[in-house]
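Structure first, then comments.
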Amino acid sequence: MEFTLRDYSPSDFETLYEIDQACYPRGIAYSRRMLRWYLSQRGSLCIVAHATGAAEGALQGFLIAHASRAEGYIVTIDVQEAHRRSGVGTALLQETERRLAKMGVRYVGLQTATNNEAGVAFWVRHGYRSTGVSRGYYLGRIDAYEMFKELHQPRRPATA
Ligand SMILES: CC(C)(COP(=O)(O)OP(=O)(O)OC[C@H]1O[C@@H](n2cnc3c(N)ncnc32)[C@H](O)[C@@H]1OP(=O)(O)O)[C@@H](O)C(=O)NCCC(=O)NCCS
């Protein structure tokens, strides 16, 4: 594995913004204001993947999620193009789901554009299922799948 995960730190902000601008089309990528807003919400969780070895420290991707009681929400997952299909997205998602479950989250939702083939394949691969389509969710003209997954709760130690 040429990357490792850690929690977001405020000094990552500008890099996260640049990665997000590169990952999504104009109008769908977040403004700095929106990104800051999501990161500052109570119950928000942001994990970053950074390189180990020669490129030590360079950010390869990140995931922002939000937890509110039993409901979790994936705000965004962004992996730099050069680092895709190497398991970075999977590692970010698995760690996020683990943390959300520990926080008591049972259901995780998200939206993804119906024309985002990589995104849809990624979510399906990880057990997310479409519960419907929001017409014109992005920019009033791009449809989005509403996707959903039920998490398994972490096992509690058996009591005697
Ligand atoms: C979607 C995204 C996060 C996937 O990240 P990643 O690090 O490349 O994902 P992984 O390497 O962990 O892929 C896991 C599995 O997802 C599926 N998958 C990922 N990208 C895929 C693609 N382009 N085509 C088909 N399946 C894909 C595959 O099943 C893959 O397993 P495999 O490589 O063994 O076949 C990444 O493509 C990305 O950041 N895209 C731009 C932003 C975006 O669209 N985010 C999701 C929408 S909310």
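The values are calculated or read from the model by the stated rules, or taken from the named source; none is laboratory data. Just so we're clear, the structure is a prediction, and the values are computed from it rather than from any experiment. Don't worry about glycine lacking a Cβ; one is built from the backbone with ideal geometry, like all the others, and counts go over all protein chains shown.
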Note to self: Cβ-Cβ distance below 7 Å, separation of 6 or more or different chains: which pairs start in region 107-123 with a residue that is over 14 Å from residue 24 (Cα atoms) and end on one that is among the acidic types (Asp, Glu) and part of a helix (DSSP H, G or I)?
What the structure shows: 108/97
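Yes/no per residue for (1) modelled with pLDDT under 95; (2) in contact with a helix residue (DSSP H, G or I) (Cβ under 9 Å, 6 or more places away or on another chain):
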residue: 84; (1), (2): no, yes
residue: 87; (1), (2): no, no
residue: 93; (1), (2): no, yes
residue: 101; (1), (2): no, no
residue: 113; (1), (2): no, yes
residue: 117; (1), (2): no, no
residue: 144; (1), (2): no, no
residue: 149; (1), (2): no, yes
residue: 153; (1), (2): yes, yes
Next item on the list: Please list, ordered by first then second residue, the pairs with beta carbon atoms under 6 Å, 6 or more apart or interchain, first in region 72-87 and part of a strand (DSSP E or B), second near the ligand (Cβ under 6 Å from one of its atoms) and among the charged types (D, E, K, R).
Entry: none
Next item on the list: Please state which one of 45, 92 is in a helix (DSSP H, G or I), in contact with a strand residue (DSSP E or B) (Cβ under 6 Å, 6 or more places away or on another chain) and either under 16 Å from residue 145 (Cβ atoms) or in contact (Cβ under 8 Å) with a residue 12 or more places away in the chain (or both).
Entry: 92
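The rows are residues; the columns are (1) in contact with a Leu (Cβ under 7 Å, 6 or more places away or on another chain); (2) touching a residue at least 60 places away in the same chain (Cβ under 8 Å); (3) not in a helix (DSSP H, G or I).
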| site | (1), (2), (3) |
| --- | --- |
| 6 | no, no, yes |
| 11 | no, no, no |
| 15 | yes, no, no |
| 18 | no, no, no |
| 22 | no, no, no |
| 33 | no, no, no |
| 38 | no, no, no |
| 49 | yes, no, yes |
| 60 | no, no, yes |
